[in-house]
Structure formats: structure tokens, C-alpha cells
1. So how long is each side of the stretch 218-290 along the principal axes, counting just the alpha-carbon atoms, biggest first, in Å?
2. Any chance you could give the angle, 0 to 90 degrees and rounded to 10, that helix 35-44 forms with the longest Cα principal axis of the chain?
3. For the chain, take the longest principal axis of its alpha carbons; what is the angle in degrees between that and the long axis of helix 189-198, to the nearest 10 within 0 to 90?
4. Which sequence of W238, W121, W184 reflects their accessible areas, 1.4 Å probe, from the largest down?
5. Hey, could you grab the Kirkwood Rh for the stretch 182-303? Inverse mean 1/r over distinct alpha carbon pairs, Å, one decimal.
6. Quick one: how many Å² of E157 are accessible to a 1.4 Å probe, rounded to 10?
7. For K200, what charge total do you get from the other residues with a beta carbon under 15 Å from its beta carbon, if Lys and Arg give +1 and Asp and Glu give -1?
8. At a 1.4 Å probe, what is the % contribution of carbon and sulfur to the accessible area of the chain?
Amino acid sequence: MKKINFLICAFAALLFISCEKETTYTKDPLQTIPQEIALDFSNRYPDVIVTDAYQWKNYDYNEVTGIVFTDKEGLTNTAIYSNGEWALTEKKFDVNDFLSRLPRSVIRAYLRTGIEDEEFWGPNNHYVIELSRSGLDNKQYEFCCVAPYSDGKEFSEHLEFDIVIADDGTLLTCSHHPFNRSVWWYDMSSSIEIVRNKYKKAPILGAVNDFGHNELFIRDNGIIKTVILENTEYGFDWSKTTYPLDINTNLPAQVLAEKQAYEEKHPEDSFYALSYSDTKDGSFYGLTYGSELNNVTFFVRTE
């Protein structure tokens, strides 16, 4: 799966590079793109400096437009339009000076992760960005870096950290494998529509693409849940919704019996985390044994 992820990212990067090579620019880059897109962009982002504009057709022959501009803060942004409609805007922060520029709620959430001495190895692999996406009411902040990690038993000098925080300071995910960069997955409209129809009263706080499937983060009755949509031959389709539980949650009898049976066979494994998942095949408790970096999860169906 990591190889597929790498190929997708490499292909997307080549699209950006090829577009830059093939387009002949005038003094005003906005003159190279359709007038209706240029007008929408100018109304959406007035008084910015446009440095680049390009177009290409994606895999299903949709017309995609990218506009690179410098905002009033002096930061580089990229706005993406799909078939003439605004899809998203990525703002890149200086990785050496980002904490002073982020909203206080986001800073507090980032610091609570406990990351220290983080390093950013190159602009294409590691970054700090603000992302605005069509169909979502709030912005999200994405961090990709490496940092030392130790839990007293395990140590990593350069552990990958991939963090997404909503603009209200809600930590949506902190994982140790890279998501696909959001600017390459600009069209999540079908996934957003599916989630809005399924969870009508739950706000969508953010979204990422993880190895080809979309993950949308919602707040459902006060609980932060991850809604996973798989990419099928017919488009994206809901696969499951999962969320963590307190490790001391009282378990149903059949789940507790499975837990005790596992622990009798694996007395050396520590009970690390508990989760709950709704899937097309039913609902399951997920019991995780091990540690943050090395673990195994088995699932028990609820009756």
C-alpha cells in the first residue's frame, strides 16, 4: 500500500511540474485561465500577488486549475479549481516560524501532543499547512514532521508524526504514517455528501486521504469519530465509522469473555487501547494489545 501511495504522490507531483513547463505565461498569470475562474478568485482573494497559474486535465478528464499566490502575510498559497468550481486552498507556513502564526487554539492542541525537537525534511515531504476545503465549514491544520519518541520501553530518534487539528483546536488525528497531501486530493465532494447524509447533525471538522481512501472527521453527539470511505469502481462508498473508547469502559459479557481468553493465551501482552466501529457487517469492539508503536488489534462483534 505504501508503494501505491508513493506512486500517487509522484504522479501528482509530475502533473504540477509538467503544467509549469508547458504553460506560457503573460505578465498577469490570471490571463492564462478562464475568465470566470479568474473573477471568482479575485473576489475570493482580493489584494494578493498571483505568481503562477496553470491548468491540466485529471484522470477522468476534468479540467483542473491551480493558482499560486502570495497573501497579505507573505505566505505562499495554492488555490485549486475543479471544473470551474473552487475546491480548496492550501497555505504553507515557514516550518522554522509557524507557532507564532497559528491560531492559539491550534497551538495549544499541537503542544499537547508532546512533540519536541521536531524536524522537517524537505518541503515536499514535511510541512505545516492551513487547508480550506469546499463543503467544510472550518479550516484544518496539517503537520508532517519527524521527532524523537520514547515511552520508556521503545525509542525512535526520527519517528514520523502526521497531525491534523481543526481550527477550533480539536485534535483530529495524530498518527505515525504520512497521509497523502491534501492539495493532491482536491475533490472530496462525493465523500462529503455521503457523510452529511449519513450524519445529518454532525459537523465535519476535517478530511484526509489515507492510502487512497478518504477519512472524514466528525463530531457526533460530542464524540470525535473517523468516517472511512473506500474508493470502489463506482466511486467512494462508506466503509466504516470508528472512534476510541475509554480503556476502562464496561464491556458486554461476550466481549469480556473474548478479552479474557486472549489474555490467557498472551499473558505478556498489555491491554493498550479500546475502540468501537460501525461497519456494513455490523458493530465491533476493537481491543488493542501492545504499545503505541507495536500493537495488534482484534475485533469482537456486538450481539
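The values are calculated or read from the model by the stated rules, or taken from the named source; none is laboratory data. Remember, predicted model here, so these are calculated numbers, not experimental data. Neighbour counts run over all protein chains shown; Cβ positions are idealised from the backbone, glycine included. The protein model used for the area step is the full one, side chains on, heavy atoms only, and it has no ligands, DNA or RNA in it. Shrake-Rupley method; radii C 1.70, N 1.55, O 1.52, S 1.80 Å.
1. 44, 30, 22
2. Helix 35-44 sits roughly 60 degrees off the main axis of the chain.
3. Roughly 40 degrees, rounded to the nearest 10.
4. Values: W238 35, W121 125, W184 60 Å².
Ranked list, largest accessible area first: W121, W184, W238.
5. 16.0 Å is the Kirkwood radius here.
6. Its heavy atoms expose roughly 110 Å² to the probe.
7. Counting the neighbours of K200, the net charge comes to +2.
8. 50 percent
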